[in-house]
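One structure is given below, encoded as structure tokens.
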Amino acid sequence: MALPAPAQAQKVADRNLAPIEVDPAKVPLPELGFTEAAGDRDGYDKYFYFVRSETDFATAYNDIRECDSLTRGIRTYLNGGTVPYPYAGTMAGALGGAIGSALADAIFGSALRRNMRRTNMRTCMGYKGYSRHGLPKELWTKFNFEEGLSGVAEDERQKLLQMQAKAAIAGKPQTEELEF
Amino acid sequence: MRILMLISAAAAAFAAHAPAAAKPASSQQFKAGTAISLDPAKAYLLVRSPLNLDVKLLREARPDEVEAYKAERSAALEKARSKYARKLAGYERDIKAWNAMSANARAGQVKPERPVEPTDDNLAFKAIESDKFVTLWGGRVFDKPSQARLIAVDPGTYRLYGQMIEGNNGSMLGFCLCMGSVDFDAAPGRITDLGSFRYPLAEALRDKVKPSWNGLTPGKGGLTGMRVEPMRPADPVPASLASLPREAAAYRAAGKIDNFFGVQIDRLTALPGVLSYRRDEVVDERSGGAAAAN
């Protein structure tokens with residue numbers, strides 16, 4: 001079996017996400033401080049955010065966008081340059097995935113889709129080395145969204161993802177690190 | 001409505017651009033007791049597994065298929081542009097009439113919308129991978145004592161894409177190994193022995209134990225939903241295949257890939273000497289470098 005050419009072995013996984021220039025100073029830092037009330041912990045499976053130290057805003061935002069894109073089933077990665085994939089950030093480029101998602105929506109329902117999104121974000125951000133911390137629902141809803149049968153408008157989605165990136169670099173909280 | 005639009009768009013894309021030159025991946029999985037004689041034009045994959053779970057393999061497009069795909073896509077773009085030109089002419093006629101209308105006449109009417117010009121950037125067209133998937137049916141066991149499955153496929157390079165069940169309505173449930181996996185070459189006229197596919201989490205659930213393997217645990221412990229045990233000389237081989245040419249799959253690290261089916265995402269458990277991870281970066285253990293995204 002032939003070894004891959006050295007150039008190929010060294011090629012880095014490029015993302016197919018169109019760059020979005022953001023001034024981090026203009027992105028509001030969401031409220032993350034709270035006193036844990038009875039019952040809050042019951043919601044941590046759903047309501048959480050990610051944190052990683054020594055990470056800048058652009059890196060965190062790109063990481064969150066990559067995970068968001070991957071769980072939506074849209075074109076996320078380049079294909080080694082062999083095939084044109086100029087579908088940055090659109091559903092059109094991943095018909096297979098989009099159809100799979102749409103049918104799954106219709107068949108399994110919104111709750112399963114929402115749960116899958118949560119699981120995928122946890123998995124993806126976990127592999128990226130982010131820790132996960134719980135929040136009360138009322139704080140969480142101010143910079144997050146759930147995605148089941150109905151989607152989130154792209155502009156609104158990016159605003160929320162940017163706030164999540166801001167939270168991710170805000171420093172390690174005192175709250176307990178949750179399971180992966 | 002969104003679902004219908006997506007399905008319609010997909011159906012149109014697939015039907016209108018039915019490839020003349022593209023070759024969808026084909027496969028034939030053998031039932032127990034089937035007499036096997038190797039077709040020199042086919043590659044044969046042998047794998048053992050303790051669970052009857054379906055696995056998706058993705059064949060890498062060959063250079064001729066890439067060229068055919070590009071040609072198909074160019075033709076589709078050309079067709080979309082022709083269609084756009086007709087729509088644009090209609091729009092210009094309609095907007096002229098709209099502009100000439102009084103405010104009263106416009107009441108209840110919808111202002112004509114300028115059509116979107118199709119470009120290389122926004123063309124809705126199938127992914128080249130769409131017809132390159134092969135399903136290895138977990139329930140179709142070729143040899144019960146060894147728990148082996150045998151499937152004939154087109155020769156080529158295959159990626160272990162994920163474990164998922166396909167419903168008869170096109171739905172998909174399971175996980176992709178989108179954040180890191182392995183690929184291997186399947187040579188014609190011989191059996192490529194993939195060793196064993198193992199499912200640490202599902203197996204632990206079946207055995208009612210906490211999942212762990214080789215010191216690894218789920219989550220940050222490094223154990224994931226699927227792992228590969230490359231072929232070992234002592235692995236059992238179906239008696240009917242014992243005299244046929246067979247070689248161990250030479251696994252290579254495979255980088256990230258898209259979640260084509262919109263399923264859960266995961267990655268293959270690290271495979272010593274082949275595949276490891278630096279956070280989410282997929283590392284080719286043989287070179288120490290990052291593995292390319294597919």
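The values are calculated or read from the model by the stated rules, or taken from the named source; none is laboratory data. Values in this document were obtained by computation on a predicted structure and should not be read as measured data. Positions of Cβ are generated from backbone atoms using ideal geometry, with glycine treated the same way; all protein chains shown enter the neighbour counts.
Values as computed for the structure displayed
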quantity	calculated
Candidate set from segment B:284-294 (those that are surrounded by fewer than 20 Cβ atoms within 10 Å (Cβ to Cβ) and in contact with a strand residue (DSSP E or B) (Cβ under 6 Å, 6 or more places away or on another chain)); member that is nearest to the other protein chains (Cβ to nearest Cβ)	B:Ala290
Residues of segment B:38-64 that turn out to be buried (at least 22 other Cβ atoms within 10 Å of the Cβ) and within 12 Å of chain A (Cβ to nearest Cβ), as a count	3
Conditions (1) of a type outside the set (Lys, Arg); (2) within 14 Å of chain A (Cβ to nearest Cβ); (3) farther than 30 Å from B:Ser37 by Cβ; number of the one not met by B:Tyr161	(3)
Answer residue from segment B:119-157, given it is within 13 Å of another protein chain (Cβ to nearest Cβ) and hydroxyl-bearing (Ser, Thr, Tyr) and is farthest from B:Ala80 (Cα to Cα) among those	B:Thr157
Search result, residues across segment B:216-244 that are β-branched (Val, Ile, Thr) and farther than 30 Å from A:Ser131 by Cβ	B:Val237
Residue list for segment B:65-103, filter: closer than 30 Å to B:Ala187 by Cα and loosely packed, with under 15 Cβ neighbours inside 10 Å	B:Glu67, B:Lys70, B:Ala71
Index of the failed condition, B:Arg279 passing every other in (1) within 7 Å of chain A (Cβ to nearest Cβ); (2) crowded, with 24+ Cβ neighbours inside 10 Å; (3) not acidic (Asp, Glu)	(2)
Sole exception among (1) farther than 13 Å from A:Lys166 by Cβ; (2) out of contact with any Ser or Thr (no Cβ under 6 Å at 6 or more places or on another chain) for A:Asp23, by number	(1)
Selection from segment A:128-148 of residues that are under 12 Å from the mean Cα position of the chain (by Cα) and at pLDDT 95 or above	A:Lys128, A:Tyr130, A:Asn144
Near pairs, Cβ below 7 angstrom, 6+ apart or cross-chain, from segment A:35-56 (touching a residue at least 24 places away in the same chain (Cβ under 8 Å)) to any residue that is part of a loop (DSSP other than H, G, I, E, B) and among the small types (Gly, Ala, Ser)	A:Arg52/A:Gly129
Residue in segment B:193-205 that is among the hydrophobic types (A, V, I, L, M, F, W, C), within 27 Å of the chain's Cα centre (by Cα) and closer than 18 Å to B:Ala43 by Cα present	yes
Selection from segment B:33-55 of residues that are touching a residue at least 12 places away in the same chain (Cβ under 8 Å), farther than 13 Å from B:Arg140 by Cα and not acidic (Asp, Glu)	B:Ala35, B:Ile36, B:Leu38, B:Pro40, B:Ala41, B:Lys42, B:Ala43, B:Tyr44, B:Leu45
Pairs with Cβ under 6 Å, 6+ apart, first in segment B:73-92 and closer than 13 Å to B:Asp120 by Cβ, second surrounded by 13 or more Cβ atoms within 10 Å (Cβ to Cβ)	B:Arg73/B:Phe125; B:Ala76/B:His17; B:Ala76/B:Phe125; B:Leu77/B:Leu123; B:Ala80/B:Pro118; B:Arg81/B:Pro118
Hey, B:Asp258 within 14 Å of chain A (Cβ to nearest Cβ) and acidic (Asp, Glu) or not	yes
Residue in segment B:274-282 that is under 19 Å from A:Lys128 (Cβ atoms) and touching a Leu at 6+ places or on another chain (Cβ under 6 Å) present	no
Candidate set: segment A:59-85, residues that are modelled with pLDDT under 95 and aliphatic (A, V, I, L, M); chosen: the one surrounded by the fewest Cβ atoms within 10 Å (Cβ to Cβ)	A:Val83
Subset of segment B:180-212 [small (Gly, Ala, Ser) and on the phi > 0 side of the Ramachandran plot]	B:Gly180, B:Gly189, B:Gly195
